[in-house]
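First up is the structure itself, then whatever we jot down about it.
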Amino acid sequence: MLNRLRRFAAAWRDYRHPAGSLIGGRFRTERVLGIGSYGIVLYCRDEKEGGAVAVKVAKPTKADAGRRLLAREREVLSGLDHPFIPAIRAYGENRRGSWLALDYIAGRTLEDLIFAEGRRFGERECLEWALELLERVSHVHDRGFVHLDLRIPNVLLEANGLYLIDFGLARPIGGGSGPLWEEYDTEALGMPRSLRPPGIQSDLCDIGHMMLFMLYSAYEPEHGAPERVWEEELDLSSSLHAVLHRLLGSGKPYAGTADCIAELTGILADCRTPGP
Ligand SMILES: Nc1ncnc2c1ncn2[C@@H]1O[C@H](COP(=O)(O)OP(=O)(O)OP(=O)(O)O)[C@@H](O)[C@H]1O
């Protein structure tokens, strides 16, 4: 009971931007888009430049740690420049906390597509999506960063293609140096302690897991059959099977994102070529 009251009090203290309020003297809030572990994302209208924005506000109850994570996200996003990664419009800090305004993407998450809309991915579609994502991820790596949170809720499908969002856990490759990148207690933020080394292999492994999510969308388990490993449950080509092993860390690791893209492109080309 006491814990429930505490959680309610924290949620009340964090909800400081009701619909109609103004953030940074410019972004008019309309509704909540999502509530994460350290931030609340609000749909707003930009009264200065027009258009819709997603404003991520650090939860006041997360105090300095929330502020620091938002500053990290800002630092990483400022180093990127990609049409399918939302750009920063503004960043600010005030007595209510810090906030980060990003271009709004009117898309649905890959999680919603699979679980709410029942979308099914075959091998070819999975390869196409993975390649599109890897193209965004390779930009992040080329700029010297790792995302470290590549998961199905952090991919948005919009009419023009796939967007990569949520750089809240992203870091410079190797971890980064200086006060902004010093270790902090993620568990105090209610987030799991990250055991992932800040290298590109962590992101490639996450891409492998996302591909499994896509491929499992078309899997129909036999009633009453015992659970088996993915290699037995999914009926995959041997080449995709080998790629997944490499991504997931049980095969020869890829030297870089480009190698992985080259291999997947070759498999996709074979998939598209009609058999004899
Ligand atoms: N630029 C954007 N355009 C549209 N929607 C967005 C955008 N950024 C975030 N969202 C929405 O807000 C949700 C939460 O965003 P995000 O994952 O960045 O927050 P978070 O606080 O880091 O969450 P978590 O702790 O779950 O990782 C997303 O799942 C998405 O629905």
Relative contact order [Cα under 8 Å, 6+ residues apart], the chain, whole percent:
15
For Glu227 and Arg151, extending 7 Å from Cα along the Cα-Cβ vector and measuring point to point gives, in nm, a value of 1.8
Can you compute the helix-only [θ] at 222 nm over the chain? Use -39500 (n - 2.57) per DSSP H run of at least 4 residues, normalise by all residues, nearest 500 deg cm²/dmol.
-12000 deg cm²/dmol
On the accessible surface of the chain, probed at 1.4 Å, how many percent belong to carbon and sulfur atoms?
52
Given a 1.4 angstrom probe, what's the average accessible area per residue across the chain, in square angstrom?
52
Would you kindly state the longest site-free stretch of the chain, with sites defined as GluC sites (Glu not before Pro) in a DSSP loop (not H, G, I, E, B) surrounded by at most 12 other Cβ atoms within 10 Å?
50-116
Keeping all protein chains in position, work out how much accessible area Arg136 exposes to a 1.4 Å probe, and write it in Å² to the nearest 10.
10
For the stretch 19-99, which chymotrypsin sites (Phe, Trp or Tyr not before Pro) are both in a DSSP coil and crowded by at most 10 other Cβ atoms within 10 Å?
none
Nearest-10 value in Å² for the accessible area of Ser238, using the 1.4 Å probe:
100
Which of the three applies to the chain, rounded, prolate or oblate, going by the alpha-carbon gyration tensor with a ≥ b ≥ c and a/c under 1.5 meaning rounded?
prolate
For the full complex of protein chains and a 1.4 angstrom probe, list Leu215, Leu157 by accessible area with the highest value first.
Leu157, Leu215
For Ser138, Ser78, Ser37, give me the order by solvent-accessible area with a 1.4 Å probe, most accessible first, ignoring ligands, DNA and RNA.
Ser78, Ser37, Ser138
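The values are calculated or read from the model by the stated rules, or taken from the named source; none is laboratory data. Please read these numbers as outputs of a predicted model, since none were measured by experiment. Cβ atoms come from the backbone with ideal geometry, glycine included; neighbour counts cover every protein chain shown. Heads up: the accessible areas ignore ligands, DNA and RNA and are worked out on the full protein's heavy atoms, side chains in. Shrake-Rupley method; radii C 1.70, N 1.55, O 1.52, S 1.80 Å.
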